[in-house]
Structures are given as structure tokens and as C-alpha cells.
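To start, the structure itself, in C-alpha cells.
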Amino acid sequence: MGFRRRRETLTGVGEKLSGFAVRENDGVIYGFMDNSLDFSPASPASREKLSRLIADRRAGRNAYTYEVRQSHGDNIIDLKDYPAGAGVGGFNIAGSPDADGAFTDMSGIALCIRTADCVPLLFMPAKGALRGAAGGKVIGAVHSGWKGAYAGIIAVSKNILASGFNVRLEDVAVIIGPSICKNCYEVKEDFLSLFLKKDASLIKFFERRAAGKENKIFFDLKGFVKNELLLNGFNLKNICDLNKCNFEDAAFFSYRRGDIVERQVSFIAGL
């Protein structure tokens, strides 16, 4: 798919916004914004800026910015119609559904998720048109923290794509955006025990390291999410990890680094 890993400055939204990656691919625009745009729920101005940015990349055509009320679970919205009262342009903060991702085949909708250590996943066509019943490209945006990944949010994503949109998983590309890496995600013994009770083989995603007189445990969240993708039938060649740790890079928000409220946004929309 030719994903390029470079930093860009985006213009055309009234001011410059820095974005780690904003790309176009086969009729889809997607991006992972850094901390120049705080997408915390109490920031409607950020939604307006993102809407203008997306419109700029869509030749001036507005898109409806759609979000969910993220709860660290495994619920995903199968968005086959515009939300009640919505139209092209604008955004939904109030009244957003309780979920951690959404998929749609409707053009004019930009799916958005917020993260500050968790894994943002964007789903799009890997090849061919991959069109749904509404005639648009099938796209998705999923927020996967450890709770969602543990609960099976990847399996839910697979089922929505395969059953809800009749998509072959081999035709789906998945991009893993900025999220905490295995060198920075320290966890406790009870966290490790929870995973090992589920499956003892999951020990491969944990590492003990000596730190003075004690050992510390670190978890490879992105590795676990990638493994879930493979176990659920997604093709390894179509999984792209941008390999960016938001904890190490101060250009991104990180909950563990002290950004309790602030969030960066990842988005995807059909052109």
C-alpha cells in the first residue's frame, strides 16, 4: 500500500496543524494527529478544525465527524445510516453511543477515535474497490486499550466486516497508529496473572526486567493487538504499524506521562 512514514504540516484550516501521518489511499483519507490538536470531549473547537482539514482534503466537500463515547469495551457501531438529525458537515459530541469503534460504507462520514496510550486502529481497503451496499468504501476506526483487546474487540471488528459488510478480511488493510510501546508499558503482577489465566501462552507479550532490587513487568500491547488481528484472519502483509510510541515522543499526549484529559485523534473518511 506504500505507507510513507514522514511528518507533514497541514494547511488550509485557518492555521497550521502538525500531523504525524495524513495520507490518501484508494479513495480514502486518514490521519493520526499529534498534540497540536487536543481532541478531548470538551473541545468542540478541535472538531471544527478537524472538519475543515478533512474538507480541505476532500476538495472543499464537508464530512460529518462521527465519534463514539469510548468505554474500553468491545462494542462497535455498525453505521449504515447517518445518525438521527445528522447531515454532511458538523459533528456529534453529545449523545454519542457507548462503544469503542465504528465501521461504515457511507461517504461523507469521518470516523474518529481518541487515544492517549491505547492503540488506534484504522481499517480500509487493501486492494480493489471494497465497496459496501451504500456504494462507498468500507472503513473503520477502533480504539483498542488492553481491556478492549482482552475482551475481543478485534473479533467483533472481524465479524462486522465479514457479516455486516460482506467483506473478505484478505482485502482489508489495518494501520496501527501512535500508542504506547512494550518498552514503556509497565504493569503489575495482577495484570500479568489476568492474562495468563486466560491463556498461558500470552506470557510471550510480557517481559520482566531488573530494576535495582526489584523486577518490573512490561506489556507489549501493540504486539498483543497484532496477534489478535492475525488470529482473527487479517493478513499480515496488510497490517502496517507506524511504529510510533506516544509515551516516548512528547509530540503526542500520553496518559501515563500525565496527560489525564487530553487526547489525540485518529480519523478516516472516504474521499
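State the extension gain, in nm to one decimal, for the chain segment bounded by ALA200 and LYS216, taking 0.36 nm per residue of separation less the distance between their alpha-carbons.
Gain on stretching ALA200 to LYS216: 3.8 nm.
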| message | Pick from ARG114, ARG256, ARG52 the residue whose mean-square fluctuation is largest in a GNM of the chain, springs joining Cα atoms under 10 Å. | response | ARG256
| What list of ³J(HN,Hα) values in whole Hz, one per residue of the range 27-43 in order, does the Karplus curve 6.51 cos²θ - 1.76 cosθ + 1.60 (θ = phi - 60°) give from phi, with Gly and Pro shown as x? | x, 10, 10, 8, x, 10, 7, 9, 7, 6, 10, 7, 9, 4, x, 8, 10
| request: Rank LEU202, LEU37, LEU79 by mean-square fluctuation in a GNM of the chain with C-alpha springs under 10 angstrom and give only the top-ranked residue. | output: LEU202
| task | Hey, can you grab everything whose amide H is under 5 Å from the amide H of TYR64? Only 5+ residues off in sequence or another chain; H modelled, so Pro and N-termini drop out. | result | GLY89, ILE109, ALA110
| query | With the other protein chains left in place, how much accessible area per residue, in square angstrom, belongs to the chain at a 1.4 angstrom probe? | reply | 43 Å²
| query | Using modelled backbone amide H atoms (1.01 Å from N, in-plane), which distant-in-sequence or interchain residues come within less than 5 Å of VAL28's amide H? | reply | LEU271
| message | List the Cys residues of the chain that have no partner Cys with a C-beta closer than 4.7 Å. | response | CYS112, CYS118, CYS184, CYS240
| note | Carbon/sulfur accessible area of the chain, % of total, 1.4 Å probe, equals 48 percent
| query | Which value in deg cm²/dmol, rounded to the nearest 500, describes the helix-derived mean residue ellipticity at 222 nm for the chain, given -39,500 (n - 2.57) per DSSP H run of n ≥ 4 and division by the residue count? | reply | -5000 deg cm²/dmol
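Below 8 Å, C-alpha to C-alpha, sequence gap of six or more: please give me the relative contact order for the range 116-271 in percent.
After rounding, I find 32 percent.
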| field | ARG208 paired with ALA250, simple spin-label distance in nm, labels 7 Å along Cα-to-beta-carbon | value | 3.5 nm
| field | Heavy atoms of VAL156: accessible area, 1.4 Å probe, square angstrom to 10 | value | 40 Å²
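Could you grab the relative contact order for the chain? Cα pairs under 8 Å, six or more apart, rounded to a whole percent.
24 percent
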| query | Hey, what do the phi angles of the range 108-122 turn into as Karplus ³J(HN,Hα) couplings, whole Hz, using 6.51/-1.76/1.60 and θ = phi - 60°, x for Gly and Pro? | reply | x, 10, 9, 7, 10, 9, 10, 9, 8, 2, 5, 8, x, 10, 10
| field | Assigned charges on the beta-carbon of Lys, Arg, Asp, Glu; the chain dipole about Cα centre (debye) | value | 540 debye
| field | Whole-Hz ³J(HN,Hα) from phi, Karplus 6.51 cos²θ - 1.76 cosθ + 1.60, for the range 67-81, glycine and proline x | value | 10, 10, 8, 5, 9, 6, x, 10, 7, 10, 8, 9, 8, 9, 9
| field | Mean separation of Cα contacts under 8 Å (6+ apart) over length of the range 130-214, as relative contact order % | value | 18 percent
| said: At 7 Å along Cα-to-Cβ for each site, give me the label-to-label distance between LYS182 and ALA155 in nm. | reply: 2.3 nm
| said: If I build a Gaussian network model for the chain, linking alpha-carbon pairs within less than 10 angstrom, which residue out of LEU194, LEU229, LEU53 has the largest mean-square fluctuation? | reply: LEU194
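The values are calculated or read from the model by the stated rules, or taken from the named source; none is laboratory data. This structure is a prediction, so every number in the text was calculated from the model and none was measured. Note that we place each Cβ from the backbone using ideal geometry, even for glycine, and neighbour counts take in every protein chain shown. When the accessible area is computed, the model is the full protein with side chains, heavy atoms only, and any ligands, DNA or RNA have been set aside. Shrake-Rupley method; radii C 1.70, N 1.55, O 1.52, S 1.80 Å.
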